[in-house]
Amino acid sequence: MEDSFIKALSEIVGAQYTLSDPESLACYGYDSTPELQSRPGVVVLPGNSEEIARVMALCEGAGVRVTPRGSGTNLSGGSISFDSGVVLQTSRMNRILEIDEENLTATVETGVITSTLHREVEAKGLFYPPDPGSMNISTMGGNVAENSGGLRGLKYGVTDDYVMGLKTILANGEILKTGGKVVKDVAGYNLNQLLVSSEGTLGVFSEITVKLIPKPQTKKTMLVHFPQLEQAALTVSHIIAARIIPATLEFLDRTTIKCVEDYAHVGLPLDVDAVLLIEVDGHPAQVEEDAAGIRSICERHHCSFFQTAASTEEALKLATARRVALSALARVRPTTILEDATVPRSCIAPMVKLIQDTAKKYDLLIGTFGHAGDGNLHPTCLTDERNPDEIKRAHQAFGEIFEATIAMGGTITGEHGVGVAKKKYLPKLVGESGLKVMRGIKGAFDPRGILNPGKIF
Amino acid sequence: MDFVKLINCMRCGMCLPHCPTYKETFLETASPRGRVALVRKFQEGELVESEKFLEYVSLCLDCQACASACPCGVNAGELVAEFRCERKQEQGLSTMEDLILRKLVPHPDRLEAATAPLRLYQRTGLQKVVRSLGLLKVFPAALERMEGLLPKLPEAPLRQTINEVTPAVGEQKGTVGFFLGCVMSLIFSEASLATVELLSSLGYKVVTPKDQKCCGAPNMLGHDIDGLKEAARFNTDLFQSQQLDFVVTDCGGCGAELKKYGHHLDGEAAATAFSTKVRDISEILATEAGTLKEKLKPLPLKVTYHDPCHIAHCQGIRSQPRALINLIPGIDFRELPEADACCGSAGTYNIEKPEMSDRVLSRKVQNVQKTGADYLVTSNPGCLLQLKKALSEANPPVKVIHLTELLQMSLNA
């Protein structure tokens, strides 16, 4: 990166927010994706929309590539600059601009941390449901760019169900405003929804307006053990078929149960195939009725243990097994490869079985947990990056798992994004025509191809 | 350094919202994840120990909040400290470090003698004169800062005045060794006296060996691992030669270090046995909650609690101090927002990195004020020093006391 260019950037955002020392570059060369790293040429931390616009205009003029980055919790390499370009770090833009209690919306700057928004709106009796696993550090801009999901997706949907308006800085520095506080809006293409999950390739968000809903009055948490995987999976399908939509319907497989028990000693049995964590929320009467319905479905499917939390503390205790799943798995081996294959929820049982068979075939340790109610599973391969042979087998295994996912009518990523990690599987999923349309859209937004190049396709 | 400890970091970023320096700067280089990456890149030969490099790693408070937050069990704070210890072993101690860490700190008599002029300085009224004339402005900033932090010192260090054996009141249920922290003895002797009184009133015979030495935490702070080992060996031998059920301390920093003697001495049997006997005072008192409750009298105070890093993050003690405060009838306990975030004291950090220390401290002060409490309770001398000064200057001022002082107040109310 030329000194004169770095100087020009620092004139826009200030010298202290323009980082080019080797130490800083090393620290902005990764996100949460295993194995992937690449040092950017320079890092800038703009403080407002205007500065982002000027940075973009400068970069487009010079043909320098830009990768937007929130808190670097991306799991598909999406926030890594692979061509020594500019990393545009949004963490300074962290103000909640407005919570509009009349229109039930919140408008935030792009770098606001998701759980900060949760806290602020819940204090006013309101609710912003998307709760990705990284919500305590992920930014709202990153959530929109990746269309993040979370544990409450089954009942409440994911980020794009809540995005109402965006202020986006385009590649050439122009500011694009889409949507707003109106509930209905059919004026032209739905650019809002197009920008959600664009993975930083179409523009840089600077402000986001999201929909809020009333906070559920009450909730009930249940933990259920199943000796047989098929019965657990059937339970999931039958709960939905019984028109009960829990807020959370989470699944842990046998390998995960063992790791959780070894690590947290929460009293899980080691001889069961699956554990489901179920949470229903809403009006107290509805919650009682749903919980009773769920209990009878679980019993019909031969659960070996059914526990309902009597208090908030007990609910937290029951949820521990699911909450610590990733930690428990991550401690077993140094490198943790976490995927998010997603299938129609009726395919949960065959999918889990296939993952287990594939792990055996490639002699790998894979634990599976995840959002069973959404069909969104997290097969997690426990490996060691210093063992190239095992890493190779892990990638082969995931290749097979993704093919099977596509064959079942599923998708290669439910909530982590394509980034670079899943690029090679995308053509199989969307086909030539899908890619052609996506490239056309990319060209319309960013003709010089400077925004997060090399991601998605 | 064990390379596996570095590659265990999966860069998930869960540590970031818990790191005081990240929360102040939003910079990856000031985050635990960033520091692990820096040390790893150094080990891999991709980075050298430049001035910037040292500046980034030394910004770590070593509060270990990151360790509490890490899903995969990485302790970034400890890794950074370990890295700096290794570098120090290669480079050797400076003359000043040798003087302080080897010739002063491990010798309680010298340490006490060195602080004697301070006592004189306060008692003769010289302090008032110096302060009113603004004479400290001519001293180096670090010295002025240190002087400002100093509360009124006790007449004599507790180590000199305490009885070596304090008998149990009533039927004796056990014998505990009391590990007297240097700063507790030199500055907060009243709190340590309260600790001994509480223990003896609950039926413990308290043995306080006068020969005990500094726990070695300052050596760890100065990255002098050999000095630390020496301290560990000495104290292990001293306490293991007595018949003790537990070794109790009311200093969070000492407790954290003593519990790691086994680790520091590479698993030596005596050190490990010693470490397993070590208890923070709140751990012992919490097991006596029933008996204690009967003795406590009402205190109509609004109280909040600050978790010292060395208690919460290093020793995992969080519920016991709160439970003990709530034993006191009539107390209005208010949970402190971000209670387990560092106060910025962090050993000598507040002298070495005053700017960042002040930023971290000011966040703590704001949080304390949100509670509306009259008293802040904590249990580590570093936090006491830092918070006593800051909260006495706050509006309205908040009193800062050690946990055992609060319990003693209730006992004698």
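Here is how the numbers come out for the structure above:
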item: Ratio Rg/Rh, restricted to the stretch B:224-282 and using Cα atoms, in which Rh is the Kirkwood radius; result: 0.94
item: GNM result for chain B, Cα springs below 10 Å: residue of B:ARG131, B:ARG35, B:ARG359 fluctuating most strongly; result: B:ARG131
item: Solvent-accessible area of A:VAL332 with every protein chain in place, 1.4 Å probe, in Å² to the nearest 10; result: 70 Å²
item: Sequence-distant residues sharing a close amide H with A:THR105 (under 5 Å, placed H); result: A:ASP100, A:LEU212
item: Across chain A: Cys residues that no other cysteine approaches within a C-beta distance under 4.7 Å; result: A:CYS27, A:CYS59, A:CYS259, A:CYS347, A:CYS381
item: Proximal lysines relative to A:LYS422, as straight alpha-carbon distance under 19 Å, when same-chain residues fewer than 8 apart are discounted; result: A:LYS392, A:LYS436, A:LYS442, A:LYS455
item: log10 of Debye I(q)/I(0), alpha-carbon scatterers only, for the stretch B:306-346 at 0.35 Å⁻¹; result: -1.20
item: Ordering of B:261-267, A:228-234 by packing [mean C-beta count within 10 Å, highest first]; result: A:228-234, B:261-267
item: Helix A:312-323 vs. chain A, principal-axis angle (Cα, 0 to 90°, nearest 10); result: 70 degrees
item: Burial order of peptide ranges A:366-372, A:349-355 (average beta-carbon count within 10 Å, highest first); result: A:366-372, A:349-355
item: Residue-wise HN-Hα coupling along the stretch B:372-384, computed from phi with Karplus coefficients 6.51, -1.76, 1.60 (Hz; x: Gly, Pro); result: x, 6, 8, 10, 10, 9, 8, 8, 8, x, x, 5, 4
item: Surface accessible to a 1.4 Å probe, B:CYS12 within the full protein complex, Å²; result: 30 Å²
item: Ellipticity estimate at 222 nm from DSSP helix runs (n ≥ 4, -39,500 (n - 2.57)) divided over chain A, nearest 500; result: -11500 deg cm²/dmol
item: Listed residue (B:GLY382, B:LEU411, B:GLN320) projecting farthest to the positive dipole end of chain B, Cβ model; result: B:LEU411
item: Sequence of A:THR73, B:THR291 when ordered by accessible area, the most exposed leading, probe 1.4 angstrom; result: B:THR291, A:THR73
item: If the convex hull is drawn through the Cα atoms of the stretch B:175-272, its volume per residue in Å³; result: 88 Å³
item: The stretch B:1-50, Cα convex hull volume normalised per residue, Å³; result: 84 Å³
item: Local electrostatic count at A:ALA8 - Lys and Arg +1, Asp and Glu -1, tallied over other residues with Cβ under 12 Å; result: -1
item: Calculated diffusion of chain B, Stokes-Einstein form, Kirkwood radius summed over Cα pairs, 10 °C and 1.306 mPa s, µm²/s; result: 72 µm²/s
item: Partner chain coverage, peptide A:29-41 - average Cβ within 10 angstrom; result: 2
item: Dipole-positive endmost among A:VAL182, A:THR201, A:VAL158 within the stretch A:150-236 (Cβ charges, Cα centre); result: A:VAL182
item: Cysteines (scope chain B) whose Cβ has no counterpart Cys Cβ under 4.7 Å; result: B:CYS9, B:CYS12, B:CYS19, B:CYS60, B:CYS70, B:CYS72, B:CYS85, B:CYS182, B:CYS214, B:CYS314, B:CYS343, B:CYS383
item: Per residue Cα convex hull volume in Å³ - calculated over the protein assembly as shown; result: 189 Å³
item: Fraction of antiparallel bridges per DSSP, chain B only, in percent to nearest 5; result: 10 percent
item: Neighbouring partner chain Cβ atoms per residue of B:14-26, average, 10 Å criterion; result: 3
item: Cross-link partners of A:LYS361 among aspartates and glutamates (Cα-Cα below 13 Å; sequence separation of 8 or more within a chain); result: A:GLU390, A:GLU400
item: Candidates B:GLU257, B:GLU294, B:GLU97, ranked by Gaussian network fluctuation over chain B, Cα under 10 Å, top entry; result: B:GLU294
item: Spherically averaged projected area in nm², based on the convex hull that wraps the Cα atoms of the stretch A:91-186; result: 6.9 nm²
item: Per-residue HN-Hα couplings for the stretch A:200-213 [Karplus 6.51, -1.76, 1.60; θ = phi - 60°; Hz; x = Gly/Pro]; result: x, 9, 10, x, 10, 6, 10, 9, 9, 10, 10, 7, 10, 10
item: Subset of B:LYS152/B:LYS213; A:LYS360/A:LYS423; B:LYS52/B:LYS103 violating a 29 Å alpha-carbon distance limit; result: B:LYS52/B:LYS103
item: FRET efficiency, 1/(1 + (r/R0)^6) with R0 35 Å, evaluated for B:GLU155 and B:ASN326 via beta carbons; result: 0.55
item: DSSP bridge pairs, the protein assembly as shown: antiparallel proportion in percent, nearest 5; result: 70 percent
item: Theoretical FRET efficiency, 1/(1+(r/R0)^6), r = Cβ-Cβ of B:ASP2 and B:GLU51, R0 25 Å, to 0.05; result: 0.40
item: Number of Lys pairs (Cα under 26 Å; 8 or more positions apart or on different chains) in the stretch B:289-413; result: 22
item: Relative packing of B:179-185, B:370-376, which averages over residues the other C-beta atoms within 10 Å, highest first; result: B:179-185, B:370-376
item: Estimated D of the stretch B:3-153 in µm² per second, where Rh is the Kirkwood radius over Cα pairs and Stokes-Einstein applies at 20 °C, 1.002 mPa s; result: 116 µm²/s
item: Translational diffusion of the stretch A:298-339, µm² s⁻¹ [Kirkwood Rh, Cα pairs; Stokes-Einstein; 10 °C; 1.306 mPa s]; result: 125 µm²/s
item: For the stretch A:162-315, alpha-carbon Rg over 2.2 N^0.38 Å; result: 1.44
item: Residues of type lysines that A:LYS181 reaches as a straight line, Cα spacing below 26 Å, ignoring anything fewer than 8 places off in the same chain; result: A:LYS124, A:LYS155, A:LYS167, A:LYS211, A:LYS215
item: Spread of Cα-to-Cα distances over 10 Å intervals beginning at zero, given as percent, for the stretch A:145-246; result: 12, 33, 24, 19, 11, 2
item: For the stretch A:1-101, alpha-carbon Rg over 2.2 N^0.38 Å; result: 1.09
item: Global geometry of the stretch A:156-207, whether rounded, prolate or oblate, following the gyration tensor of its Cα atoms and the 1.5 cut on a/c; result: oblate
item: Gained length - A:ASN387 relative to A:ALA187, 0.36 nm times residue gap less alpha-carbon distance; result: 66.6 nm
item: Cα Rg, Dmax, chain A, angstrom units; result: 22.4, 71
item: Zone residues, the stretch B:101-118, relative to B:GLU230, backbone N less than 17 Å from point 7 Å out along Cα-to-Cβ; result: B:101-112
item: Solvent-accessible surface ranking, highest first, for B:SER392, B:SER31 at 1.4 angstrom; result: B:SER392, B:SER31
item: Cα gyration tensor shape of the stretch B:275-413, rounded if a/c is under 1.5, else prolate or oblate by comparing a/b with b/c; result: oblate
item: Shielding by other protein chains, A:360-371, mean Cβ within 10 Å; result: 0
item: Ellipsoid equivalent to the stretch A:369-446 - semi-axes via the Cα gyration tensor, in Å; result: 26, 17, 12
item: Sulfur and carbon atoms: percent of accessible area, the protein assembly as shown [1.4 Å]; result: 53 percent
item: ³J(HN,Hα), Karplus 6.51/-1.76/1.60, whole Hz, each residue of the stretch A:22-30, x for Gly, Pro; result: x, 5, 5, 4, 5, 7, 10, x, 9
item: Orientation-averaged projected area, Cα convex hull of the stretch B:229-329 (nm²); result: 7.2 nm²
item: Bridge type composition, the stretch A:1-139 - antiparallel percent by DSSP, nearest 5; result: 50 percent
item: Tensor-based shape of the stretch A:279-427 (alpha-carbon gyration tensor, a/c under 1.5 rounded, otherwise prolate or oblate); result: prolate
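The values are calculated or read from the model by the stated rules, or taken from the named source; none is laboratory data. Since we're looking at a predicted model, the values are computed, not measured. Using ideal geometry, Cβ is built from the backbone for each residue, glycine included, and neighbour counts are taken over all protein chains shown. When the accessible area is computed, the model is the full protein with side chains, heavy atoms only, and any ligands, DNA or RNA have been set aside. Shrake-Rupley method; radii C 1.70, N 1.55, O 1.52, S 1.80 Å.
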